[in-house]
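Colleague: Here you go, one structure.
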Amino acid sequence: LDHVALRDPLISTENGDDKLEDVSKCFGCREPLANYTHFSPYRGFNLHEKCAEIPFKLNHVCHRKHPLILQFNSERLSCKICQVTRRKGFVYGCSSCKFVIHIECLSPSPIIKDEGHQHPFSLLLRQVPFICDACGTEGNHVAYTCGTCNIIVHKNCISLPRIIKSKWHDHRLLHKYFHHIEDFRVLYCIICNDEVNTEHGSYYCSKCNFIFHVKCVMKDEALYEIVENEDDESPNESASSITKVLQRNGAGEATVIEHFKHSHHLMLSDGVGEYDNKCCDGCLLPIVASFYYCTQCDFFLHKVCVELPKDYTCLRCIIALTPGVARTCLGHKHPLLFFIEYRGRCVACGDDDIKGLFRCKDCDFSLHHKCYSLPIISQHKSDEHLLSLAYNDDNSYSESHFCDVCEERRDPKLLFYHCATCDTSAHVNCVLGEHPFIKLGSIVEVDEETHEHPLTVVKKIYYYPNCSDCGRPCLDLALECTGCNFIVHALCPSDSED
């Protein structure tokens, strides 16, 4: 087909006809063939008659150095007008300058009105770069301006949705052209962890004061949805775990609540040191921050766990992966940020080439999201004291780099549990065992065939009574009746044999 720019030696046509089986659309403009008369020079290559008659060469105000040639976009360059990259269809381009324009973008609209902005936008053709006030990224050649608001934007950014619901955050996100720095706790994007320039547009959460780059939050269409009705509140936003607030303090903080997971009232406390051996009934991690507790029974919830939505699965993963302020980790002096695309080694489990890690931007410290939630303190039968999670073993003697539980060598660069009193150290997995996140003392209702009384979750460390079911010693996790001499494995070997 001599009409297409096959005469230009710089234009490759190798990939131009690899998807020609899509015969429902014109190969030139990608619009439906049914709308116009068309022809097919050879099987599978269909063009509208109007697309076959467009000029082979033309001049354009956006590229005055060279004429633009009709060609395939074999290098998949983005259009200088709309910034969109299309794999199929014709473009007008300059091969030497790597410059392309979609056919339909040759004559952009001089005036564009958008419901989300009170003034119309006017076309401005310019060949110098500019920073789009809507998305904060660079643009060139074609811009639209609002003289009243003194803003300049990409053509596509005129129609940015005002409100979206992103899977990166529990609340709705609003778009705004400019922000005040003092309105935000942190100025880095929750997704990429790079700083957001508040002098340009971004998405933000009005409830949490978190901010996002436009290009980050809208990068994947599957991860966000446009909120059409601004008055409709998302179910996830209104479905708080707190079923009823009974009392507040002077700062408006809930001090007495009813929670849907417990039958008694819960009281707010910050007396963390009083409950060193207790763990949260929500995430099963130790009590190390503000929490709610029951005055009538052994029930605790971290304040952050109380404020999570009702529909959750693994709270440890939600707490670790929910974007927010930078986290801190015991034994590390800098905050940790979650990098979804980063691959590296976890300093806790030692696994390599893990995608998605909590990382320190100042040094080589990374944690897998599962290891981020490791208990800060734990107990093991090899030591009568509580063991603390530690990092950076400064002991230079190689003889000390052994696990006192399994007696195998351990990597001093990885996290480990340590007893300062006895100077013993152990692998994380050797201390935690197979069931690290089960709350001891929990009551389990069982059927009458198993036992007539409720059973309590226990962990046998120093002595091992025989299982009432299989007769083998209960070496670790077990279910025990406090009223009679009955104990069974939590996962009895006889059940697995059946």
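The values are calculated or read from the model by the stated rules, or taken from the named source; none is laboratory data. From a predicted model like this one, the values you see are computed outputs, not experimental measurements. In this analysis, Cβ positions are derived from the backbone assuming ideal geometry, glycine residues included, and neighbour counts consider all displayed protein chains. SASA here: full protein model, heavy atoms, side chains in, ligands and nucleic acids out. Shrake-Rupley method; radii C 1.70, N 1.55, O 1.52, S 1.80 Å.
Colleague: In terms of solvent-accessible area of protein heavy atoms at a 1.4 angstrom probe, what is the ranking of M218, M267, highest value first?
Modeller: Of M218, M267, the descending order of accessible area is M267, M218.
Colleague: Moving on to the next point. So, with a 1.4 angstrom probe, what is the percent of accessible area on the stretch 54-105 that is carbon and sulfur?
Modeller: The nonpolar share, carbon plus sulfur, comes to 53 percent.
Colleague: May I ask you to give the percent of accessible area on the stretch 326-372 that is carbon plus sulfur, with a probe radius of 1.4 Å?
Modeller: For the stretch 326-372, the apolar C and S fraction of the accessible surface comes to 46 percent.
Colleague: In addition: Can you tell me the FRET efficiency between K439 and H401 if r is taken as the Cβ-Cβ distance and R0 is 56 Å, rounded to the nearest 0.05?
Modeller: Efficiency, from the Cβ-Cβ distance: 0.95.
Colleague: Moving on. For K361 and D423, calculate 0.36 nm times their separation in residues minus their Cα-Cα distance, and state this gained length in nm to one decimal.
Modeller: That works out to 19.2 nm of additional length.
Colleague: A follow-up question, please. How much solvent-accessible surface does E445 expose, in Å² to the nearest 10, with a 1.4 Å probe and all protein chains in place?
Modeller: The value for E445 is about 140 Å².
Colleague: Can you list the residues of the stretch 64-88 with backbone N under 18 Å from a point 7 Å past the Cα of S96, pointing along Cα to Cβ?
Modeller: Residues passing the 18 Å test: 64-71.
Colleague: Considering only protein heavy atoms, what per residue accessible area in square angstrom results for the stretch 104-183 with a 1.4 angstrom probe?
Modeller: That works out to 52 Å² per residue.
Colleague: May I pose another question? Ranked by accessible surface with a 1.4 Å probe, highest first, in what order do K460, K25 come?
Modeller: Ranked list, largest accessible area first: K25, K460.
Colleague: State whether the stretch 438-497 is rounded, prolate or oblate according to the following rule on the C-alpha gyration tensor (a ≥ b ≥ c being the square roots of its eigenvalues): a/c under 1.5 gives rounded; otherwise a/b larger than b/c gives prolate, and the remaining case gives oblate.
Modeller: Taking the square roots of the gyration eigenvalues as a ≥ b ≥ c, the stretch 438-497 is rounded.
Colleague: What nm value, rounded to one decimal, do you get for the distance between T450 and N197 when each label is placed 7 Å out toward the C-beta?
Modeller: 6.1
Colleague: Rolling a 1.4 Å sphere over the protein heavy atoms, what is the accessible area per residue of the stretch 374-432, to the nearest Å²?
Modeller: With the other protein chains kept in place, the stretch 374-432 gives 57 Å² per residue.
Colleague: Please tell me which of these pairs span more than 31 angstrom C-alpha to C-alpha: K57/K155; K167/K303; K207/K370; K25/K165; K25/K98; K167/K413?
Modeller: K25/K165; K167/K413
Colleague: Rounded to a whole number, what % of the accessible area of the stretch 374-432 do carbon and sulfur atoms account for, probe 1.4 Å?
Modeller: Of the solvent-accessible surface of the stretch 374-432, carbon and sulfur hold 46 percent.
Colleague: Extension gain I111-T137, at 0.36 nm per residue separation less the Cα-Cα distance, in nm?
Modeller: Stretched fully, the I111-T137 segment lengthens by 7.2 nm.
Colleague: Per the Kirkwood definition applied to all pairs of different Cα atoms, how many angstroms is the hydrodynamic radius of the stretch 374-432?
Modeller: Computed over Cα pairs of the stretch 374-432, the Kirkwood hydrodynamic radius comes out at 11.2 Å.
Colleague: Turning to a different aspect of this structure: Projected area of the stretch 54-105, taken from the Cα convex hull and averaged over every viewing direction, in nm²?
Modeller: 3.2
Colleague: How many Å² of accessible area per residue for the stretch 326-372, probe 1.4 Å?
Modeller: 53
Colleague: Obtain the nm distance between the two label points defined at H66 and S159 by a simple spin-label model: each point lies 7 Å from its Cα along the Cα-to-C-beta direction.
Modeller: My value for the distance between the label points is 3.2 nm.
Colleague: Also, quick follow-up: Could you order I443, I152 so the one with the most accessible surface comes first? Probe is 1.4 Å.
Modeller: I443, I152
Colleague: Further, regarding this structure: Compute the signed sum of charges (Lys and Arg +1, Asp and Glu -1) over the other residues within less than 13 Å, Cβ to Cβ, of H200.
Modeller: The answer is -2.
Colleague: Rounded, prolate or oblate: which one fits the stretch 111-157, using the alpha carbon gyration tensor with axes a ≥ b ≥ c (rounded when a/c is under 1.5, else prolate when a/b beats b/c, else oblate)?
Modeller: Verdict is prolate for the stretch 111-157.
Colleague: Based on alpha-carbon centroids, what's the gap between the stretch 349-382 and the stretch 411-486 in Å, whole number please?
Modeller: 24
Colleague: Express in Å², to the nearest 10, the accessible area of F486 obtained by rolling a 1.4 Å probe over the protein heavy atoms while all chains stay in place.
Modeller: 30
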